[in-house]
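Everything on this sheet refers to the single structure shown next.
Each value in this text was obtained by applying a stated rule to the coordinates, not by laboratory testing. Predicted model, so just to flag it, every value in this text is computed and none were measured. Cβ coordinates were reconstructed from backbone atoms using ideal geometry, including for glycine residues, and neighbour counts include every protein chain displayed.
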Amino acid sequence: MSENSELDVLLKTEQTFPPPPEFAANAEFRDPEVYGRADADPESWWADWARDLDWIEPWESVLDWTNPPHATWFDGGKLNVSANCLDRHVAAGRADQVAYHWEAEDAGLEDEPVTGVGSDAGGRISVTYGWLYEQTQRLANVLRERGVGRGDVVGIFMPMVPEAAVAMLACTRIGAIHNVVFGGFSAESLKERMESSEAKALITADATLRRGQPMPMKSAIEGALEDLPAMETVVVFNRCGTTPPMKAGRDIGWTESLEAADPVCEPEAMEAEDPLFLLYTSGSTAKPKGIVHTTGGYLTHATATHRMVFDLKPDDVYWCAADIGWVTGHSYIVYAPLANGATSIMFEGAPDFPARDRWWEIVERYGVTILYTAPTVIRSFMKWGEELPAAHDLTSLRLLGSVGEPINPKAWLWYHEHIGGGRCPIVDTWWQTETGGIMISPLPGITTTKPGSATRPLPGISAAIFDHNGDEIEEGGGTLVLTRPWPGMARTLFREPERFVSTYWEKFGPATYLVGDAARRDEDGYFWIVGRIDDVINVSGHRLSTMEIESALVSHPDIAEAAVIGIPDEHTGQAIIAFVIPNDEATGDSSDELREHVATRIGKLARPKEIFVTDDLPKTRSGKIMRRLLRDIADGKELGDVSTLRDPTVMAEIEAQVGEKDRT
Ligand code: PRX
């Protein structure tokens, strides 16, 4: 059964899940009046949340939206993010509270947690707020001594270790803007992101563990660093004990420099609208977009949504199993949990190492109460079988979350039953890198959920479905838009202010944010996100641009032209399929080589699942590639309208080639 028809069946059966009474009775938000209250006065709603933060100077106005799409939140207010995440908890006597229970990928079952050491010690570590506080200040001083200060960009290219959080917090302490690049990206991608953000410093590691083996990071990017003249400092954390090359004058070791640094670093008083971080994400062109988030609004949005959506309680053991390299890691592993004083799990490895029950072992060991992950991982667990979670005590869990792509009802129901034991509400959270934090999601103590629907916009958030003319569709499908400013909204694209306006705020006027997703609204006003409508592919919750992959393919000397599409995939949500036209000099079948070429240019996650070598591509008379037709072929669907093609016969040839491959 295809995902859609399954969804339709569920819609027809109207299977719904009200909050379990016991959960609702203890939830911080249990009265639906909160929606009306927030809607009646969104500014005071967000201001109330902002008041929970520590401000150095109070703000003068909550929101200025007189010049959309340029919003100013908490104008005049000053704060420091690291002080909100660390200092205030330490000052309140919570220095010894665990911020992260960190597990090395290769931790042995018998390893006992150790306090007061870094992840270079391996094993299991209890990372306390006090430890983070000290490490952050030391690293902040190291950066300051190297001339990094307010407004400078610092790259971060790290494994999943607590030191990655320290690196981010140290930047915020001195007002530097971090630019984290996912550790799985290639040296080329890192270079591109460092170059276009003019990063002055980079914080990285010698290597990262992959299935027990160190995979070099620093030596892999050495060549790229040589091409970055603006890069004055590279701080190298020694995670795996390998000895990467170190360039005198530029590269410094983490441990030695932190030891030598002053342990006290006063936090910079940042303006609410000062940039906090840049995060590059894929758009509909080959060039990634540098999303800019600012300080006061972002932290308000992240902390508020973290408390609302996860019903956070002081004794929760919270696990957001994302990577720090993505926005989910920024908002819901680092900033919101730390600012909210939570105790989290941070796990370095993959769900199937050394065995496929590793996650359930972790849940049982630490008594995890909240688990937040992606549908693609849930589908892997489904494939591996329910016996694995069943062999562990998962009764500590009380709430489950999903993010990154639409969750198919089958996976939702499996998650609910086999992980949540039928008793945990599921929060399916819709948001994006650009929104900074969760936008559409159930409130677990209030919302009756429907498997596959992210339900309703959070209190204070306003979303709608528009048709092509910008008219609202109350019930039915169309384009998802956000119709009111929110504090975590991206403020611009780094060095590309016009692109920010034209991509998100032009189609329906300057006050309506174009999401780039298609969605449907049902008779109860629930939103069902269908997927991207731009040239973006979502593979296992990773956002990739078709244009970026195409440009990587044509950079291979054998390839003249390329077209990339995303097709539905049972496990990864979408899969990348490429059609390439070799040039005259090309020899033999180079599919494997091409896949490796894409991995080198972008990263392994962008490797096409399948590459079809063809003689031509379907193009309109003006030369535009009709990817829609390629999608139809790859899906084995009846071909759509081919009348606008310059050469309609090309479709038959491609179909034959695809069919040939299917048979082999
Ligand atoms: O298409 C939507 C999908 O992921 C896109 C955003 O990707 P990214 O910026 O990488 O952020 C991912 C983590 C927030 C969205 O435009 N998406 C994200 N969450 C959901 C989703 N689609 C459906 N349901 C979700 N819960």
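If R0 is 51 Å, the Cβ-Cβ spacing of T255 and E498 corresponds to a FRET efficiency of close to 0.70. Across the chain, the longest run free of exposed loop sites, meaning GluC sites (Glu not before Pro) lying outside DSSP classes H, G, I, E and B with no more than 16 other Cβ atoms within 10 Å, spans 233-385. Label-to-label distance, S396 versus S555, with points set 7 angstrom from Cα along the beta-carbon direction: 4.4 nm. Below 28 Å, Cα to Cα, which lysines can K200 reach? Residues fewer than 8 away in the same chain don't count. Candidates past the 8-residue exclusion: K78, K191, K218, K247, K287, K289, K604. Relative contact order, whole percent, for segment 597-664 stands at 31, derived from Cα pairs under 8 Å and 6 or more residues apart.
Estimated purely from DSSP H runs of n ≥ 4, each contributing -39500 (n - 2.57), the mean residue ellipticity at 222 nm for the chain is -8500 deg cm²/dmol once divided by its residues. Taking a cut-off of 22 Å between Cα atoms, list the lysines near K450, but don't count ones fewer than 8 places away on the same chain. Partners within reach: K12, K410.
In summary, the helical segments of the chain meeting the span-like criteria, namely a full DSSP H run, a Cα extent along the axis of 18 angstrom or more and a mean Kyte-Doolittle hydropathy of at least -1.0, are 129-145, 162-174, 296-310, 650-663.
Ordering H70, H293 by the number of other Cβ atoms within 10 Å of each residue's own Cβ, fewest first, gives H70, H293.
Projecting the Cα atoms of I461, F500, M626 onto the dipole axis of the chain, where Lys and Arg carry +1 and Asp and Glu carry -1 at the beta carbon, places F500 farthest toward the positive end. Here segment 535-663 is treated with +1 on each Lys and Arg Cβ and -1 on each Asp and Glu Cβ, and its dipole about the Cα centre works out to around 560 debye. About its Cα centre, the chain has a charge dipole of approximately 340 debye under the convention of +1 per Lys or Arg Cβ and -1 per Asp or Glu Cβ, with nothing else charged. Taken about its Cα centre, segment 116-161 carries a charge dipole of about 60 debye when Lys and Arg each add +1 at the Cβ and Asp and Glu each add -1 at the Cβ. Converting phi to 3J(HN,Hα) with the Karplus coefficients 6.51, -1.76 and 1.60 and the offset θ = phi - 60°, segment 526-533 yields 7, 9, 10, 7, 8, x, 6, 10 Hz in sequence order, with x at every glycine or proline.
Length available on full extension from D584 to E523: 0.36 nm per residue minus the Cα-Cα distance, which gives 16.3 nm.
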